[in-house]
Structures are given as structure tokens and as C-alpha cells.
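The values are calculated or read from the model by the stated rules, or taken from the named source; none is laboratory data. Keep in mind that what you see is a predicted model, and the values were worked out from it rather than measured. Every residue, glycine as well, gets a Cβ built from its backbone with ideal geometry; the counts of neighbours run over all protein chains shown. SASA here: full protein model, heavy atoms, side chains in, ligands and nucleic acids out. Shrake-Rupley method; radii C 1.70, N 1.55, O 1.52, S 1.80 Å.
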Amino acid sequence: MSEKQEFGLIGLAVMGQNLVLNVERNGYSVAVYNRTTSKTEEFAAGPAKGKNIKPTETIEAFVASLEQPRRIMIMVQAGPPVDAVIGQLRPLLDQGDLVIDGGNSWYQDTERRMKSLEADGIGFLGVGVSGGEEGALWGPSLMPGGTKDAYEKVEPILKKIAAKAKEDGEPCVAYLGRGGAGHYVKMVHNGIEYGDMQLIAESYDILRRIGRLEAPQLADIFDEWNRGELLSFLIEITADIFRKIDDATGKPLVEMVLDSAGQKGTGRWTAQDAMEIGAPFPTVSAAVAARIISAHKPARIAAEKIIPGPQDVQFTGDVKGLIDDVRAALYASKICSYAQGMAMLKTASDAYGWSLPLGTAAKIWRAGCIIRAALLGDITRAFEAANPPANLLLDDFFKEAVISRQNSWRRVVGLATRHGIPVPAMSASLAYFDSYRTGTLPANLIQAQRDYFGAHTYQRIDKEGIFHSHWGK
């Protein structure tokens, strides 16, 4: 081992360990530190044994073991733990050193930390890391934000450890902008992920409850879908899930999983910030709400016994036609969800002065991350064009893709509604599509109501100005 290590990482949970192994495998020496020394010792004696990885027992020894300018990545729980680690590091660092937060931090915390450390001449990057444990080990999608100078100090390492797109071999990492830009892109990525997962779950629910399809049949269907326009990581793993048999019961394991979905908060952040900046993202809002209501299992069980749904509704159609319709509805819904996410990134970029490259954001999602999918290549093309669309739905390819599927989409949403099957995300995507393509919405009545009870004023369609009327008798 060299006397000084080229890269340092704090936080040896599974993601941190796998990133360390990834960095070392790509030719860099690494120093590691964990607050719990036993965790460091276990890692050193296990996965790190025989590798160019230096374990340290104190944060002082950790910092001293790194070459200058130091490049230190923090992989601890988002929130106060990140501030605590930065507080320990700060007096030990020198001007020109770089701190990288690779957790799922709130982008405004990233902005605050960057400004604070820059005052001491210390660089700071907020890097979104997507791909889970496997991605961290073999190549994640990386979304860095901060100063360009800070990014350039670690760019060679990030490019080496990032996933490589199958289409052209490009590393799935690129500088996204100042401050919290990287963590913001990761947040929106996670919001799209929430929407994708809910849309897939709704498609599954329709196929099993209306089409009466069993897990082995569903596995074959999702395998077929994964060879076409729906090709994606989430469709691929869904097929695998349907094939897994529970050792204890002999039933498909998915049927033994409690229908109560957890969440870590990034989807909720996306929905909240979308409201804050005025960027409609109804699909993720519906997906977050669906997870929340899923957690109210006892209340749902009680309500099921006393609140009846539609009576004497039977599906008499062709199951093959249903499968084709659900496939089309899922793809159209996904396009609308991505359209909302990309529009949100554009709105945030304008609001916060980030100059986010939308085509680049889509490009670095093509491999390594949870939402990697075939349609990201077309999204990249759309936003890297000479005249990128104001909204993905205005791109010729995606416009035609949705228009050609809308009859199937409407049939599926209508069929689910008639059968009393909730499809909140699919309905939200369809409502977004219909709202976006409608030149005149009923918001005129809402504004009239606001003016009636609160004198909030209104504008007219036939002349300029701000108006207030006395609407009552």
C-alpha cells in the first residue's frame, strides 16, 4: 500500500462498503472510517482483506491517512448525522479539500453545507447515488451537484466507478449544476421511481383481479413486456418476483407479502417540492398517497367488511385484449410520469438558477439506477435536440406513442373503475395528459369562487387588467 490513500469514505453500511470495493477495484487506494470500530474491523477482515483499503480507528487517523487535496465521501444517514460528521471533519481539513455527501440528502441541506464549507475554502459535492447495493458495487448512476471545480477533483474516480450505458459505453455520471442540483435530480429520480412502481402494481392488480391471471402467467407476461418498449429494470425484477416460490407454503412468495409498502421520504419530498415550485406531478403524489393508505391495513380490513363496492360486475372480454390494453396503458402512463418529472426539473432549474441539462440527466439514468429503461434513450434524444420540447408530450415520438395508446389507456382506467379497483397513479397520469392537452379548463369557475368569497380578483379573456366583481344577490 502507498503511504497516503487517494480516496476516503466514512460510513460502512452496505452501500458504503460496496462503494469502497468499487473504488478500489477501479485502481484507487481507499481509507475507511466508521463510528463503530467493530464495523471497520469486520470489513477489514472480510470483504476488504488483501485489498488496497486502509482501515482507521479515529477520524483524525482517517484524515491523516489521505493524500492532499483530500477527497472524502460521507455515506451515513441523511439529516443530522451528515452535519455531525462534517462537524468532526471540518477542523481537520485544509483549503482545497473536498467533502462528498453520497446519501439521500434534502437538496436545501446540500445548499447550506456547500455555502458553509466554501467559506473555509473546502469544496463540497452533493451526489445522488442510485442502484442499490448491487449498483454501488458494480456501477451506480451518479448525480453530482456543487461547484464545477469540486466536481473536477473527483471526476476521474466517479467516471471509473459509475455504470456504463450499453448503447455507447458512456459513464452514467455528469456534472449537473451548483449547490443542491445533484441531490435534486436524485430526488426527482426517486419520485419517478415511486410512480413507476405504483403503475406496475396497478397493472398487476388489474391483470390478477379482472383477468384472473396467476403468478406464473404474470411472470411470462412481464418477461414479454421486458423485450419491448417497456424494457426496464423494474419490469425485469417484477417478472423474477412472480417466479419466486415461498419455501414455507409452496405458494408464490409475492402472495405471502403483506400489502403495506414502506417509504424513506424522497418520493414525498418530490411531491412536496413540486407543489412548492408550481410543477404539477400528480403521478408521484398519487403514488405516495397509495403507499400511505397501504400502511393503514387494519382500517382497510375493517372497511372492506362494511363498505360494498360495485355489485354484479363481471369481465366478459378477451383476456389477451386486456393484457394488450394494460401494456399500452402502462407505457402511456409511464411517459406522462417522466414528462412530469422532466418538467419539474426544468421548473426547478429556472427557479434556482442551476441550468440543469435535461438530456444529460436522462442520459445518466440509462444504466445503474432503479429507473433505467429503454425509453430513457428517446428522452435523451428529445432533450438534446436542437429545439428541445417544452414538455416531453410535445416531442413527436412521445406524442404519437401516447396518442396511439390512449384508447387502450382509457379502457383500462374505465374498466378498473367499474370493477372498483383503485388505479390512482394511472388515473393521475391520464388526468395530467388530458389537462395538459386541454386549452380551456374549468379553473375560471374556481377563480370566480375565490373572487366571490375572498375578493381575490380575476383576469378576463377579452381585455387586459385585474378585476373584482360583486357576485351575490
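Structure data summary
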item: Test for Ala448: is it in a helix (DSSP H, G or I), within 27 Å of Ile323 (Cα to Cα) and open to solvent by less than 90 Å² (accessible area, probe 1.4 Å); result: no
item: Members of the range 212-260 found to be closer than 18 Å to Gln198 by Cα, in contact with a Pro (Cβ under 9 Å, 6 or more places away or on another chain) and open to solvent by 30 Å² or more (accessible area, probe 1.4 Å), listed by number; result: Ile241
item: Residue among Val20, Val82 that is within 18 Å of Leu142 (Cβ to Cβ), out of contact with any Asp or Glu (no Cβ under 9 Å at 6 or more places or on another chain) and of a type in the set (A, V, I, L, M, F, W, C); result: Val20
item: Yes/no for Tyr194 being aromatic (Phe, Trp, Tyr), surrounded by 21 or more Cβ atoms within 10 Å (Cβ to Cβ) and closer than 26 Å to Gly96 by Cα; result: no
item: Residues located in the range 451-473, provided they are surrounded by 13 or more Cβ atoms within 10 Å (Cβ to Cβ) and not in a loop (DSSP other than H, G, I, E, B); result: Asp451, Tyr452, Tyr458
item: Residue match in the range 92-113 (condition: in contact (Cβ under 8 Å) with a residue 60 or more places away in the chain, touching a Ser or Thr at 6+ places or on another chain (Cβ under 8 Å), closer than 22 Å to Val188 by Cβ and outside any strand (DSSP E or B)); result: yes
item: The range 293-312: number of residues that are assigned to a loop (DSSP other than H, G, I, E, B) and either open to solvent by less than 60 Å² (accessible area, probe 1.4 Å) or over 16 Å from Ile206 (Cα atoms) (or both); result: 7
item: Residues that are assigned to a loop (DSSP other than H, G, I, E, B) and surrounded by fewer than 24 Cβ atoms within 10 Å (Cβ to Cβ), drawn from the range 123-154; result: Gly139, Thr147
item: Pairs with Cβ under 6 Å, 6+ apart, first in the range 203-229 and more than 12 Å from Val254 (Cβ to Cβ) and small (Gly, Ala, Ser), second at pLDDT 95 or above and open to solvent by less than 80 Å² (accessible area, probe 1.4 Å); result: Ser203/Val326; Ser203/Leu330; Gly211/Val319; Gly211/Leu322
item: Extreme residue, surrounded by the fewest Cβ atoms within 10 Å (Cβ to Cβ), among residues of the range 69-87 that are touching a residue at least 40 places away in the same chain (Cβ under 8 Å) and either assigned to a loop (DSSP other than H, G, I, E, B) or of a type in the set (Val, Ile, Thr) (or both); result: Pro69
item: Members of the range 402-444 found to be closer than 15 Å to Leu199 by Cβ and small (Gly, Ala, Ser), listed by number; result: Ser408, Ala416, Ala425, Ser427, Ala428, Ser429, Ala431
item: Helices (runs of 4 or more DSSP H) within the range 167-268 that include 1 or more residues of a type in the set (Asp, Glu) and farther than 23 Å from Asp325 by Cβ; result: 181-209, 233-243
item: Matching residues, the range 261-276, being open to solvent by 40 Å² or more (accessible area, probe 1.4 Å) and charged (D, E, K, R); result: Lys264, Arg268, Glu276
item: Residues of the range 362-398 that turn out to be open to solvent by 30 Å² or more (accessible area, probe 1.4 Å), in a loop (DSSP other than H, G, I, E, B) and free of Cβ contacts under 8 Å to residues at least 60 places away in the same chain, as a count; result: 6
item: The range 399-440: number of residues that are under 24 Å from the mean Cα position of the chain (by Cα) and assigned to a loop (DSSP other than H, G, I, E, B); result: 2
item: Residue list for the range 344-356, restricted to those being part of a loop (DSSP other than H, G, I, E, B) and either surrounded by fewer than 19 Cβ atoms within 10 Å (Cβ to Cβ) or modelled with pLDDT of 95 or more (or both); result: Gly353, Ser355
item: Meets criteria (buried (at least 22 other Cβ atoms within 10 Å of the Cβ), aliphatic (A, V, I, L, M) and either farther than 24 Å from Ala150 by Cα or touching a Leu at 6+ places or on another chain (Cβ under 7 Å) (or both)) for Val23; result: no
item: Yes/no for Arg437 being within 18 Å of Gly341 (Cα to Cα) and exposed (fewer than 14 other Cβ atoms within 10 Å of the Cβ); result: yes
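Listed here are the residues, each with its yes/no results for (1) hydrophobic (A, V, I, L, M, F, W, C); (2) more than 13 Å from the chain's Cα centre (by Cα); (3) at positive phi.
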position: Leu234; (1), (2), (3): yes, no, no
position: Ile241; (1), (2), (3): yes, yes, no
position: Ile245; (1), (2), (3): yes, yes, no
position: Thr249; (1), (2), (3): no, yes, no
position: Asp259; (1), (2), (3): no, yes, no
position: Lys264; (1), (2), (3): no, no, no
position: Ile277; (1), (2), (3): yes, yes, no
position: Pro280; (1), (2), (3): no, yes, no
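Yes or no, residue by residue, for (1) outside any helix (DSSP H, G or I); (2) over 18 Å from Asn391 (Cβ atoms); (3) open to solvent by 40 Å² or more (accessible area, probe 1.4 Å):
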site: Val288; (1), (2), (3): no, yes, no
site: Arg291; (1), (2), (3): no, yes, no
site: Phe315; (1), (2), (3): yes, yes, yes
site: Gly341; (1), (2), (3): no, no, no
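For every residue, the table says whether it meets (1) modelled with pLDDT of 95 or more; (2) farther than 24 Å from Val30 by Cα.
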| position | (1), (2) |
| --- | --- |
| Gly139 | yes, no |
| Leu142 | yes, no |
| Asp149 | no, no |
| Ile161 | yes, no |
| Gly169 | no, yes |
| Arg178 | no, yes |
| Val185 | yes, yes |
